[in-house]
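Chemist: Pasting a structure here, questions to come.
The values are calculated or read from the model by the stated rules, or taken from the named source; none is laboratory data. Given the structure is predicted, the values throughout are model-derived calculations rather than measurements. With ideal geometry, Cβ positions are generated from the backbone for all residues, glycine too; neighbour counts draw on all protein chains shown. Note: accessible area is taken over every heavy atom of the protein model, side chains too, but ligands, DNA and RNA are not part of it. Shrake-Rupley method; radii C 1.70, N 1.55, O 1.52, S 1.80 Å.
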Amino acid sequence: MKISTKGRYGLRAMYDLAYHHSDAPIPLKTIAQRQDISEQYLEQLMLSLRKAGLIIGIRGALGGYTLAKAPTDITVGDVLRALEGPIGLVDCALEANATSCKRSDVCITRPVWEKIRDSVIQTVDSMTLQDLCENPY
C-alpha cells in the first residue's frame, strides 16, 4: 500500500492543528508554511477533512481551521480514510466497498491481503493525533 501525498500531507496538517490546538483557529497560510505544503494543495485537503467532520473552518479575518474533536479522539486512520478512502492493498480486500472478481471464491492470495489490511487498520486506528504530538519522531 502506498499512501499518496494527500494522506501524507493531510496527516502533517492534522498534526499541526493538534500540536497547536487551542481555541483560536489557525490560518491555512500558517499551517502551509510550518509544514512546507502548497497553500493551494492544502486547501483541497482541508475540504476533504472538513467534509469528514475532522476539522472546522472559520471564515473571516481571524478565521482559520481548528480540530472538530480533541486530538485524543482523532486517529491516524480517521485522517487517512478521509483523504485516501477505505484501507486495503487490493480492491477485493478493502475494508469497505470491496469489489468481487471472478476468482473471489477460490482466490488463494485474498487472505494474505486481508491479513495485511487488518494489521494496517489496527495500527492506524490505535494511534491518535495526541500520540503523534507526544512522540513526534
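Chemist: Among the candidates Tyr15, Tyr9, single out the residue that is buried (at least 16 other Cβ atoms within 10 Å of the Cβ), in a helix (DSSP H, G or I) and touching a residue at least 60 places away in the same chain (Cβ under 8 Å).
Modeler: Tyr15
Chemist: From Ile116, Ile121, grab the single residue that is open to solvent by 60 Å² or more (accessible area, probe 1.4 Å), in contact (Cβ under 8 Å) with a residue 12 or more places away in the chain, at negative phi and of a type in the set (A, V, I, L, M).
Modeler: Being open to solvent by 60 Å² or more (accessible area, probe 1.4 Å), in contact (Cβ under 8 Å) with a residue 12 or more places away in the chain, at negative phi and of a type in the set (A, V, I, L, M) holds for just one of Ile116, Ile121, which is Ile116.
Chemist: Can you name the number of the only condition in (1) assigned to a loop (DSSP other than H, G, I, E, B); (2) out of contact with any Phe, Trp or Tyr (no Cβ under 9 Å at 6 or more places or on another chain) that Tyr65 fails?
Modeler: With (1) assigned to a loop (DSSP other than H, G, I, E, B); (2) out of contact with any Phe, Trp or Tyr (no Cβ under 9 Å at 6 or more places or on another chain) applied to Tyr65, the lone miss is (1).
Chemist: Take the residues in segment 18-28 that are of a type outside the set (Gly, Ala, Ser) and open to solvent by 50 Å² or more (accessible area, probe 1.4 Å), then tell me which one is nearest to the chain's Cα centre (by Cα).
Modeler: Going through the qualifying residues, I end up with Tyr19.
Chemist: Separate question: Taking the options Gly77, Gly57, Gly53, name whichever one is assigned to a strand (DSSP E or B) and not aromatic (Phe, Trp, Tyr).
Modeler: The match here is Gly57.
Chemist: Name the single residue, out of those in segment 29-50 being assigned to a loop (DSSP other than H, G, I, E, B) and not acidic (Asp, Glu), that is least open to solvent (accessible area, probe 1.4 Å).
Modeler: Selected residue: Ile37.
Chemist: Does Ile108 qualify as being in contact with a helix residue (DSSP H, G or I) (Cβ under 7 Å, 6 or more places away or on another chain) and among the β-branched types (Val, Ile, Thr)?
Modeler: Against the criterion (in contact with a helix residue (DSSP H, G or I) (Cβ under 7 Å, 6 or more places away or on another chain) and among the β-branched types (Val, Ile, Thr)), Ile108 does not qualify.
Chemist: Specify which of the listed residues (Thr72, Thr66) is open to solvent by 40 Å² or more (accessible area, probe 1.4 Å), touching a strand residue (DSSP E or B) at 6+ places or on another chain (Cβ under 6 Å) and within 27 Å of Arg12 (Cβ to Cβ).
Modeler: Thr72
Chemist: Would you point out the residue of segment 30-66, among those that are farther than 15 Å from Ala82 by Cβ and among the aliphatic types (A, V, I, L, M), that is farthest from the chain's Cα centre (by Cα)?
Modeler: Ala61
Chemist: Kindly indicate whether any position in segment 83-103 is in contact (Cβ under 8 Å) with a residue 40 or more places away in the chain and open to solvent by 40 Å² or more (accessible area, probe 1.4 Å).
Modeler: yes
Chemist: So, Glu95, is that one acidic (Asp, Glu) and in a loop (DSSP other than H, G, I, E, B) or not? So that I can check it myself, show each step before the final result.
Modeler: Numbers: acidic (Asp, Glu): yes; in a loop (DSSP other than H, G, I, E, B): yes.
Answer is yes for this residue.
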